[in-house]
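The values are calculated or read from the model by the stated rules, or taken from the named source; none is laboratory data. Computed from a predicted model, the values in this text were never measured in an experiment. Cβ placement follows ideal geometry from the backbone for every residue including glycine, while neighbour counts extend to all protein chains displayed.
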Amino acid sequence: MRKALVPVDGSAAAHRAVRHVVALAHIYPSIEAVLLNVQPDVDSWEVRRVLTRNEVEALEESRGGDALQEDREVLEGAGIRFTPLVEIGPAAETIARIARVQGCDGIVMGTRGLGAVSSMMLGSVSSRVLHLSDLPITLVK
């Protein structure tokens, strides 16, 4: 594997997926990672009444950057090249699209994430990504 997309949301499973990429670096020393956090598109009238669209996007970008921080440190510590990204949209569709756009040849992701409401059904995002992407996907428990 040359380039792996690693979606992270701050969950324990996502952190394990990042550590799996570190382990893969022993087999594929030139592996590169795309570290992706997907923030849900906040479009409720309550929020729009108080914040502009640009302010909402800036808030989502900031939250996404915070979610990436711990995993960035793990990859930096292991000497793995990576590109951090924060995207806004539906999780599974965004993961599949970014993997394609970034030229990744595999996706490594956790099986249980925090989800948009912090209690997403087990595997719902990973299951959807399996259906949307043609790439090999490694699911990490």
Working carefully through the options 56, 86, find the one that is β-branched (Val, Ile, Thr), in a helix (DSSP H, G or I), surrounded by 15 or more Cβ atoms within 10 Å (Cβ to Cβ) and modelled with pLDDT under 95. 56
Does residue 21 count as among the aliphatic types (A, V, I, L, M), at pLDDT 95 or above, within 24 Å of residue 127 (Cα to Cα) and part of a helix (DSSP H, G or I)? yes
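Taking the residues in segment 1-18 that are crowded, with 24+ Cβ neighbours inside 10 Å and not in a helix (DSSP H, G or I) as candidates, determine which candidate is modelled with the lowest pLDDT.
Start the filter on segment 1-18 by keeping residues that are crowded, with 24+ Cβ neighbours inside 10 Å, which leaves 4-9, 14, 17-18.
Next cut, not in a helix (DSSP H, G or I) only: 4-9.
Values: 4: 98, 5: 98, 6: 97, 7: 96, 8: 94, 9: 91.
Going through the qualifying residues, I end up with 9.
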In segment 89-113, which residue that is of a type in the set (Gly, Ala, Ser) and outside any loop (DSSP other than H, G, I, E, B) is nearest to residue 35 (Cα to Cα)? 99
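Is it true that residue 68 is surrounded by 20 or more Cβ atoms within 10 Å (Cβ to Cβ), part of a helix (DSSP H, G or I) and modelled with pLDDT under 95?
It is true that residue 68 is surrounded by 20 or more Cβ atoms within 10 Å (Cβ to Cβ), part of a helix (DSSP H, G or I) and modelled with pLDDT under 95.
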Being within 21 Å of residue 24 (Cα to Cα) and either modelled with pLDDT of 95 or more or surrounded by fewer than 17 Cβ atoms within 10 Å (Cβ to Cβ) (or both) is the filter here, so list the residues in segment 99-128 that pass it. 99, 100, 102, 103, 104, 105, 106, 107, 108, 109
